[in-house]
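The values are calculated or read from the model by the stated rules, or taken from the named source; none is laboratory data. This structure is a prediction, so every number in the text was calculated from the model and none was measured. Virtual Cβ from ideal backbone geometry, glycine too; neighbours counted across all protein chains shown. The area values use the complete protein model at the heavy-atom level, side chains included, leaving out ligands, DNA and RNA. Shrake-Rupley method; radii C 1.70, N 1.55, O 1.52, S 1.80 Å.
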Amino acid sequence: MGTITVRPPRAEDEWPLVDVYVKARRSYYEGHVPEAELAEWERSARATGYAFDKPDRVWLCAELDRVFAGFALVTPGGDLLQLQVAPPCWGRGVGHALHEAAMDALRDLGVTTARLDVFAENHRARRFYTDHGWRETGRDGDHVRMALELAV
């Protein structure tokens with residue numbers, strides 16, 4: 001499995017984070033979204049990067065054996081906006097560690113119900129969330145809405 005560390009982001013995490021996001025997102029949208037759309041999104045993400053200093057977001061980064069392996073992003077309102085793991089790290093506990101840390105962050109913010117939207121065709125992610133206690137609450141286009149009650 002290796003050693004997993006979950007921590008706040010550092011400035012040097014920006015581009016590894018973008019790389020993980022691009023590769024993970026491609027893994028579940030390829031074949032469902034036109035390649036031109038994916039390529040344009042990727043160009044934009046790689047050109048823009050991410051800013052970690054927004055007060056309305058809580059970022060968490062994960063390392064596997066000291067190598068950047070994934071990230072999670074939550075809001076004080078209870079939304080899990082992102083939980084992305086580098087595809088080579090799938091099945092090694094990184095997603096679980098990020099999920100636990102993200103739910104702890106939401107609890108610390110006083111959130112009692114977490115919410116997320118997941119691409120309906122991303123069966124791997126849907127299974128992951130269901131296995132972690134999430135339940136489907138509806139649909140929004142090609143995304144499934146899910147919720148998780150958080151014990152405080």
Original post:
Has region 125-134 got at least one residue that is free of Cβ contacts under 8 Å to residues at least 24 places away in the same chain and more than 16 Å from His96 (Cα to Cα)?
Top reply: no
Subject >> Residues of region 34-58 satisfying the condition of being modelled with pLDDT under 85, not acidic (Asp, Glu) and not in a helix (DSSP H, G or I) >> reply: Pro34, Gly49, Tyr50, Ala51, Phe52, Lys54, Pro55
Original post:
Looking at region 122-146, which of its residues are more than 24 Å from Gly31 (Cα to Cα), surrounded by fewer than 17 Cβ atoms within 10 Å (Cβ to Cβ) and in contact with a Leu (Cβ under 8 Å, 6 or more places away or on another chain)?
Top reply: His132, Gly133, Arg135
**OP:** From (1) in contact (Cβ under 8 Å) with a residue 12 or more places away in the chain; (2) within 16 Å of the chain's Cα centre (by Cα), pick out the condition that doesn't hold for Trp41.
**Re:** (2)
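Touching a residue at least 60 places away in the same chain (Cβ under 8 Å), closer than 24 Å to Gly77 by Cβ and either touching a helix residue (DSSP H, G or I) at 6+ places or on another chain (Cβ under 9 Å) or surrounded by fewer than 16 Cβ atoms within 10 Å (Cβ to Cβ) (or both): does that describe Tyr21? Even if it seems obvious, please write down each step before you answer.
Details: touching a residue at least 60 places away in the same chain (Cβ under 8 Å): yes; closer than 24 Å to Gly77 by Cβ: yes; either touching a helix residue (DSSP H, G or I) at 6+ places or on another chain (Cβ under 9 Å) or surrounded by fewer than 16 Cβ atoms within 10 Å (Cβ to Cβ) (or both): yes.
The answer is yes for Tyr21.
Restricted to region 28-41, and to residues that are surrounded by 15 or more Cβ atoms within 10 Å (Cβ to Cβ) and not aromatic (Phe, Trp, Tyr), which residue is nearest to Ala86 (Cα to Cα)?
Looking only at region 28-41, we keep the residues that are surrounded by 15 or more Cβ atoms within 10 Å (Cβ to Cβ), and these are 28-29, 33, 38, 41.
Remaining after also requiring not aromatic (Phe, Trp, Tyr): 33, 38.
On the way: Val33: 20, Leu38: 17 Å.
Taking the candidates together, the pick is Leu38.
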**OP:** Select from region 106-121 the residues that are open to solvent by 20 Å² or more (accessible area, probe 1.4 Å) and under 14 Å from the mean Cα position of the chain (by Cα) and write down the one among them that is farthest from Ala147 (Cα to Cα).
**Re:** Asp117
